[in-house]
Structures are given as C-alpha cells and as structure tokens.
Amino acid sequence: MRSGRVPKALSCPRNRGNSRLPWRAGAFLLALEGNREAANAIALEASPVAAAISHLMTDRKEWVGTATELLEALEAREEEKVRRLQPWPKSPRSLADHVRRLAPNLRVTGIGVEFVKTGGKGSRRLIILTRKDPDPSDACDASDATGAAGDEGDAGVADSRASSIDDALRDLF
C-alpha cells in the first residue's frame, strides 16, 4: 500500500481512529498493509509460473508474444521437474489464465502484465510483460529497493517497518 493512500472504507472520519477502541490510531492500517504483503508473498511463492516469469524478466525490460510463445519461452528456461509439477500449465490457455490471476501480485514485484488483442484480419491476443525499475521517490519501494541492494544503512528501515507491523498486530489482538 502506497504511503498516504487510505482504503475508502477507512477514509471516513469515524473509522480513522476512535479513542474507545483498544488499539492505537493507525494500528489497523499497519496490520492491513502487513496482511496484504504476506498474502502477496504467499501467492508468488506458491506459483511456479510466477517464479518462471520473474526469471524470464530478470534480463529484459519487456517481453511481447502470445500465450503459446510465452509457454514455450518459460518451458525453455525451466527444468523438467518444475514443468512436471501439478500447477504448471499444460496449455497456452491455462497459462494465460495463470498470468491473469497473478497479474496483481506480479505488479507489486515490478512486473507489469497487459493483455492486448490486435486488430485486423490476422488478430492475435498478446501478452505484454514489462519490468519496471522501482521508483526511488516512492517511500514504500525505496526501502525495499535499497534493502535488496545490500545497503546495511537502509536495511534497518525495512526491519523497523516489519517490527512496527508486528507491534500493530499485537495492539489489535
């Protein structure tokens, strides 16, 4: 969740913070953000397709092609044991469905997903994958990007953020 952005249900003044509630103001938003991050991580870890797309996009900024071409590209890069797993798509349509479901989770990691149908007689359904570099001006992405780069000075920011989410969860329950 980007800083300064509050879910619509919580933007109402009566939902922002109530002194009669047993937790601090802002604790709910921190807990909500932590739950979103955890759900996103679980979805990405559970999908071999997400891992394969992440590997495919590590060395390129953009990939454009059909679901058939994407399936071929992913299968060429992945080991046989990964392709034999139950959740691995067996057809291009199944892959397109996987990618549609994973699109919001991939966007969080910096991989944009777009589905486009070309016009004309020989129209094609294209999948466009784009890798976006994190914007250092965004507070949420900046701590993730610098922490991933191995800068020990900023690693404490990510740790303090995680501990504040843990504190907020403890306050809620």
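The values are calculated or read from the model by the stated rules, or taken from the named source; none is laboratory data. Remember, it's a predicted structure, so these values are computed and weren't measured experimentally. Virtual Cβ from ideal backbone geometry, glycine too; neighbours counted across all protein chains shown.
Looking at region 113-148, which of the residues that are in a strand (DSSP E or B) and surrounded by 15 or more Cβ atoms within 10 Å (Cβ to Cβ) is modelled with the lowest pLDDT? Break it down stepwise before answering.
Looking only at region 113-148, we keep the residues that are in a strand (DSSP E or B), and these are 113-117, 125-131.
Adding the requirement that they be surrounded by 15 or more Cβ atoms within 10 Å (Cβ to Cβ) leaves 113, 126-127, 129-131.
Working: VAL113: 95, LEU126: 94, ILE127: 95, LEU129: 95, THR130: 95, ARG131: 91.
The qualifying residue modelled with the lowest pLDDT is ARG131.
So which of ALA73, ALA39, ALA52 is among the small types (Gly, Ala, Ser) and under 17 Å from PHE115 (Cβ atoms)?
Details: ALA39 fails: under 17 Å from PHE115 (Cβ atoms); ALA52 fails: under 17 Å from PHE115 (Cβ atoms).
The unique qualifying residue is ALA73.
So PRO104 passes all but one of these: (1) surrounded by 12 or more Cβ atoms within 10 Å (Cβ to Cβ); (2) closer than 30 Å to GLY34 by Cβ. Which condition number does it fail?
(1)
Within region 45-85, restricting attention to residues that are under 21 Å from the mean Cα position of the chain (by Cα) and part of a strand (DSSP E or B), which residue is surrounded by the most Cβ atoms within 10 Å (Cβ to Cβ)?
By that ranking, first place goes to TRP63.
Would it be correct to say that TRP88 is surrounded by 15 or more Cβ atoms within 10 Å (Cβ to Cβ) and part of a strand (DSSP E or B)?
Working: surrounded by 15 or more Cβ atoms within 10 Å (Cβ to Cβ): yes; part of a strand (DSSP E or B): no.
Here the answer is no, as TRP88 does not meet what is asked.
Return the pair list, or none, for Cβ contacts closer than 8 Å from residues in region 43-61 that are farther than 14 Å from ARG107 by Cα to residues that are at pLDDT below 90 and acidic (Asp, Glu), at least 6 apart or on different chains.
Close Cβ pairs satisfying both conditions: PRO48/GLU78; ALA52/GLU78; HIS55/GLU78.
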